[in-house]
Amino acid sequence: MTVSGIFEDRAYVTAFERNRYVAAHRAEEYAAEAIKEAPDVAHLEVLDVGAGTGQFAGPLHRAAASRSSSHQIILLDNSTEMASHLRTASAELGPSVRAVTDDFWHYRNSASDVHVTLFSESIHLLGDLDKVIAAVAGFSAPRGVLALRIATREQVHARPWYQWYPDALAIDLMRHPSKAELMKYLHDAGYDAYSREADESRVMSAHELGEMLEAQSFSALRLMDGHAFGEGVRRMRKDLRRAGDVHFDYRLTWTIARLREGNGG
Ligand SMILES: C[S@@+](CC[C@H](N)C(=O)[O-])C[C@H]1O[C@@H](n2cnc3c(N)ncnc32)[C@H](O)[C@@H]1O
């Protein structure tokens, strides 16, 4: 299974917002923080890359509306299955929010003067992180903002559920940057950045955790070998058999980066 194949799978996409939801107050908080750092302009251009089902569409729209007299939010995703959700989100929010179905690497050729670019759990799927960040700097407006919601390699490593799926852990350790790498890539591309831990962990029943992992709600579980996945499910069921509630570790890193004077554009 390829990464793009996963996001074209209707069952995965339908279950996405249930299993991978961002709490509403969190999404509002992230969007407000990113938009607050944007340069002062009358018209604000915002790009959400790998927008998925559009969990940030409303929060970005509201934050942008309170910041500038006019704005345009582009919800970009290369999955046609995700696109139907994004079209619904944009139809509800009006003409200043637009869904675009395209690959980031193609779309970036037509992007220019973007004030805020957001990636929520998507930047690690696009290829070499330093190249993605440099590409964003290339189409950003002066003093443009890049906001990232992602688990660092350290945070991936600390998540207990990977104990049952070591191959998925190996895949994610390859794809996710360490915090130091992330900061270095941003600095090298001309950004000043700060980041903080965003703890989105929650308590759930062992049954709910088991169902979420058996449904392969994380792409690494779909990319790993099918036999090894089956073995992992067996071990997980055994371990969870008598468990009640479990703490689901979902610590992420929220990073806001702003282009230094004379960079990007
Ligand atoms: C894990 S989902 C995150 C969705 C959303 N940002 C969220 O946090 O709910 C990653 C999304 O990135 C999209 N994606 C992956 N590679 C992409 C690319 N090259 N160009 C555009 N979108 C991409 C996928 O289709 C998927 O919808």
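So the values come out like this:
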{"item": "Relative intensity, log₁₀ I(q)/I(0), of the range 51-127 from a Debye sum that treats every alpha carbon as a point, q = 0.20, 0.24 Å⁻¹", "result": "-0.89, -1.25"}
{"item": "Per-residue HN-Hα couplings for the range 151-165 [Karplus 6.51, -1.76, 1.60; θ = phi - 60°; Hz; x = Gly/Pro]", "result": "7, 6, 4, 5, 5, 4, 4, 7, 7, x, 5, 5, 3, 7, 10"}
{"item": "Fraction of antiparallel bridges per DSSP, the range 1-112 only, in percent to nearest 5", "result": "0 percent"}
{"item": "Translational diffusion coefficient (Stokes-Einstein; Kirkwood radius from C-alpha pairs) of the range 123-265 at 20 °C, 1.002 mPa s, in µm²/s", "result": "128 µm²/s"}
{"item": "Built amide H within the under 5 Å cut-off of L118, gap 5+", "result": "L47, D48, V49, A147"}
{"item": "About the Cα centre, charge dipole magnitude for the chain (Lys/Arg +1, Asp/Glu -1 at Cβ), debye", "result": "380 debye"}
{"item": "The chain, relative contact order [Cα under 8 Å, separation at least 6], %", "result": "21 percent"}
{"item": "Potential lengthening between T88 and A243 on full extension [0.36 nm per residue; Cα-Cα distance subtracted]", "result": "51.9 nm"}
{"item": "Using alpha-carbon coordinates, inclination of helix 57-67 to the longest axis of the chain, degrees", "result": "30 degrees"}
{"item": "Under 12 Å from K131, Cα to Cα: aspartates and glutamates that are on another chain or at least 8 residues apart", "result": "D188"}
{"item": "Calculated SAXS-style log₁₀ I(q)/I(0) at q = 0.12, 0.13, 0.16, 0.18 Å⁻¹ - the range 156-239, Debye, Cα scatterers", "result": "-0.47, -0.53, -0.72, -0.84"}
{"item": "The range 1-134, Rg to Rh (Cα coordinates; Rh as Kirkwood inverse mean 1/r)", "result": "0.95"}
{"item": "Computed label-point distance, nm, for sites H187 and T14 using a 7 Å Cα→Cβ extension", "result": "4.8 nm"}
{"item": "Mean separation of Cα contacts under 8 Å (6+ apart) over length of the range 49-130, as relative contact order %", "result": "36 percent"}
{"item": "Sum of -39500 (n - 2.57) over DSSP H runs of 4+, divided by residues of the chain (222 nm, nearest 500)", "result": "-13000 deg cm²/dmol"}
{"item": "Cα-based helix-to-principal-axis angle, 10-19 vs the chain, degrees rounded to 10", "result": "90 degrees"}
{"item": "Hz values of 3J(HN,Hα) by residue in the range 239-249 - Karplus curve (6.51, -1.76, 1.60), Gly and Pro given as x", "result": "5, 8, 3, 9, 6, x, 7, 10, 8, 9, 6"}
{"item": "Top of G244, G232, G54 by mean-square fluctuation, Gaussian network on the chain, Cα under 10 Å", "result": "G244"}
{"item": "Per residue convex hull volume, Cα atoms of the range 69-190, in Å³", "result": "133 Å³"}
{"item": "Relative contact order [Cα under 8 Å, 6+ residues apart], the range 117-265, whole percent", "result": "41 percent"}
{"item": "Solution diffusion estimate, µm²/s, Stokes-Einstein, the chain, Kirkwood Rh from C-alpha pairs, 20 °C, viscosity 1.002 mPa s", "result": "113 µm²/s"}
{"item": "Total formal charge among the other residues, if their Cβ is under 10 angstrom from that of N19, Lys/Arg +1 and Asp/Glu -1", "result": "-1"}
{"item": "Selected from S90, S68, S140 as most flexible by GNM, with the chain as the system and alpha-carbon contacts under 10 Å", "result": "S68"}
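No lab work stands behind these numbers, since they all come straight from the coordinates. Since this is a predicted model, take the numbers as computed values, not measurements. Backbone-built Cβ (ideal geometry, glycine too); neighbour counts: all protein chains shown.
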